[in-house]
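The block underneath contains the structure these notes are about, expressed in structure tokens.
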Amino acid sequence: MGKIIVAGIGPGSKEDITPAVLDAVQQADCIVGYKYYFQFVEPYVKQGCECIDTGMKRERERAEQAFLLAEQGKTVVVISSGDAGIYGMGPLIYEMREQRAEMQRERSAVDGDSVAVSIEVLPGISAFQKAASLLGAPIGHDLCIISLSDLMTPWELIERRIKAAATGDFVTAIYNPKSHGRYWQLYRLVELFLEVRSPETPVGYVRQAGRDEQEIKVTTLAHFDPEDIDMFTVVLIGNSQSYIADGKIITPRGYALTSRLSPLTSEKPGQQIMMESFRTIKGELQRQDYPLDHLWALLHAIHTTADFDMQRILYTDEGAVETLYNKVKDGTLKTIVTDVTMVTSGIRKGALQRLGIEAKCYLSDPRVAEMTAQQSLTSEKITRTQAGIRLAVEEHPDALFAFGNAPTALMELCDLIRKGKAHPAGIIAAPVGFVHVRESKHMVKPFRDIPKIIVEGRKGGSNLAATLCNAILTFDDAAQLKPGRDL
């Protein structure tokens, strides 16, 4: 009985050919393959072994030749670069065996003759594995491989796979990235990735991996130039956690974080869960290029509400979160004033204590009831939250004001600012409801010299106002979202 061994000879270096493949080559009666690859196995071929070249892009003829020889009782090795099962000869050999078996069954029904051929596939080091080792450790987490060759796969299907890889946050290896006739597909892939991935996503590529002409380059998605690429190049795109260090790409698996968590520290497990939630949210965002301080506020907002509409309606002035955090750090911001007690209750007590910040709500202050009673006797009737803001401005005109419930309170602050009675360190505008809510938020925007965070439209709430305060107080933790930092 003849035998076909489909052997992956690796990316091109003799040192990367496995012992099992070398042994098969040494035992072969015939070797079938593309002539370019014979140079890598030639020193191991036994005397008298027949080497048959079928030419480039002649895979089917190569497989048919292998079967004809094996059906003569010979041991045939079909060599394939990289791993024979990855865009290699392995699948074709098995498919052809089924076709030939069907033909032989029909023929044996007439003349009783049948020839059996056994098949064995020997794995090899794939080009993406070799490239990954040269680039550092870019494939440390979930990954996928996509070929941009549309010779046998419609481009519409390839594009769907590209989108799935990009949105799924897979480390992605690109085979057949470019040729003389296929010059635009790689540009399209980059365009699709940039729709959902950060421009700082690491990209590495290796040309002629493992061969004398080997070239290695590390860059980012924003600076990646498809003109550097040819058919001998493998491209690797990192995921949202991949980073570049000392010219190498690293994609963390998560071990470093786990080993640093101490069971004696009560805060860290909860913090780990929150950051894991942030990682999940970040991976599902429509954009990956938000400025860090806006991203930090957005993650808090979505984490609190599970509402991805926050991507559309959360507005922050440029650098607002970072500016307010720096005011906290340098001591110029010492007080947070809220419109209702539920906002105060939701602000992290540990952060307030650590930073020396006081969070206050004047709603239960006896002076509020007195003020509203007095105003009820005049033509100007005000709500209790409005009265609370008036008192707050008298005592803390430069506080951070956070609104999660009452649009009338926010409108009162805007009026006091225009009258020169208040100049807040910042404003969080997240009142919720149907009456005057939108208008109150529009009224805040003209104050260009006051950092603002606004939840546009009718949505909002005490929980949102509180979590946006927390985003400011914990902005130093946002550095963990940067590539190269553990979440």
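Sorted by accessible area (1.4 Å probe), largest first, how do CYS30, CYS144, CYS51 line up? Show your work: numbers first, answer last.
Details: CYS30 0, CYS144 30, CYS51 70 Å².
My answer, sorted largest first, is CYS51, CYS144, CYS30.
Leaving out ligands, DNA and RNA but keeping every protein chain, what accessible area does GLU370 have, in Å² rounded to the nearest 10, with a 1.4 Å probe?
Counting only protein heavy atoms, the figure is 110 Å².
Compare MET274, MET103 by solvent-accessible area with a 1.4 Å probe and give them largest first, with all protein chains kept in place. Numbers along the way, then the final one.
On the way: MET274 40, MET103 110 Å².
Largest accessible area first, the residues go MET103, MET274.
How would ARG211, ARG160 line up by accessible area, probe 1.4 Å, largest first? List each step's numbers first, then the result.
Details: ARG211 40, ARG160 150 Å².
The ranking, largest first, comes out as ARG160, ARG211.
Specify the angular offset, from 0 to 90 degrees and rounded to the nearest 10, of the alpha carbon long axis of helix 292-305 from the longest principal axis of the alpha carbons in the chain.
80 degrees
How about LYS421: which lysines have a C-alpha closer than 28 Å to its C-alpha, ignoring those fewer than 8 places off in the same chain?
LYS327, LYS329, LYS334, LYS360, LYS381, LYS441, LYS445, LYS452
Got a sec? Charge dipole of the chain, +1 on Cβ for Lys and Arg, -1 for Asp and Glu; which of ALA24, TYR362, VAL343 is way out at the positive end?
Positive-end residue among those listed: TYR362.
Can you give the angle from 0 to 90° between the axis of helix 462-473 and the longest principal axis of the chain, with both taken from C-alpha atoms, to the nearest 10?
That helix lies at roughly 70 degrees to the long axis.
Which value at 222 nm does the chain reach when only helices count, each DSSP H run of 4 or more adding -39,500 (n - 2.57), with the total divided by all residues and rounded to the nearest 500 deg cm²/dmol? Spell out each step's value before the answer.
Numbers: 19 runs with 204 residues, N = 487.
It comes out at -12500 deg cm²/dmol, rounded to the nearest 500.
Provide the solvent-accessible area of HIS303, counting protein heavy atoms only and rolling a 1.4 Å probe, rounded to the nearest 10 Å².
80 Å²
If I fit a long axis through the Cα atoms of helix 384-395 and take the longest principal axis of the Cα atoms of the chain, what angle between them do I get, 0 to 90°, rounded to 10?
Taking the Cα atoms of the chain, the angle to 384-395 is about 80 degrees.
So how much accessible area does ARG253 have, in Å² to the nearest 10, using a 1.4 Å probe?
Here the residue's solvent-accessible area equals roughly 130 Å².
Quick one: go through the range 383-419 and flag any residue whose amide nitrogen is under 13 Å from the point 7 Å out along the Cα-to-Cβ line of ARG367.
Correct set: 387-397.
Assuming 0.36 nm per residue, please report the length gained on full extension of the stretch ASP150 to GLN208 beyond their Cα-Cα distance. Each step should come with its number before you reach the end.
Working: separation 58, 0.36 × 58 = 20.88 nm, distance 2.19 nm.
Difference between extended and current length: 18.7 nm.
Give the calculated FRET efficiency between MET56 and ASP289 to the nearest 0.05, with a Förster radius of 41 Å applied to their Cβ-Cβ distance. Don't skip to the answer; put the middle values down first.
Numbers: r = 41 Å, r/R0 = 1.00.
So, using R0 = 41 Å, E works out to roughly 0.50.
Take the solvent-accessible surface of the protein heavy atoms, probe 1.4 Å, and return the percent of it on the range 407-454 that carbon and sulfur atoms account for. If you can, show how the numbers build up before the last one.
Numbers: 1230 of 2190 Å².
Reported share for carbon and sulfur atoms: 56 percent.
Tell me, what ³J(HN,Hα) does each residue in the range 24-40 have, in order and in whole Hz, if you take phi through Karplus 6.51 cos²θ - 1.76 cosθ + 1.60 with θ = phi - 60° and put x for Gly and Pro?
5, 4, 5, 9, 6, 7, 9, 10, 10, x, 7, 4, 4, 8, 4, 4, 7
Can you count the Lys pairs in the range 37-189 whose Cα atoms are under 24 Å apart, with each pair 8 or more apart or on different chains? Don't skip to the answer; put the middle values down first.
On the way: LYS46/LYS74; LYS57/LYS130; LYS57/LYS178; LYS130/LYS178; LYS163/LYS178.
Lysine pair count for the range 37-189: 5.
Counting only heavy atoms of protein chains, what accessible area per residue, in Å², does the chain have with a probe of 1.4 Å?
With all protein chains present, the chain gives 48 Å² per residue.
Using DSSP, restrict attention to beta bridges with both residues in the chain and report what percent are antiparallel, rounded to the nearest 5.
Details: 21 of 61 bridges.
Within the chain, antiparallel bridges account for around 35 percent of the total.
The values are calculated or read from the model by the stated rules, or taken from the named source; none is laboratory data. Here the structure is a predicted model, which means the values were calculated and not measured. Neighbour counts run over all protein chains shown; Cβ positions are idealised from the backbone, glycine included. Accessible surface areas use protein heavy atoms only, side chains included; no ligands, DNA or RNA. Shrake-Rupley method; radii C 1.70, N 1.55, O 1.52, S 1.80 Å.
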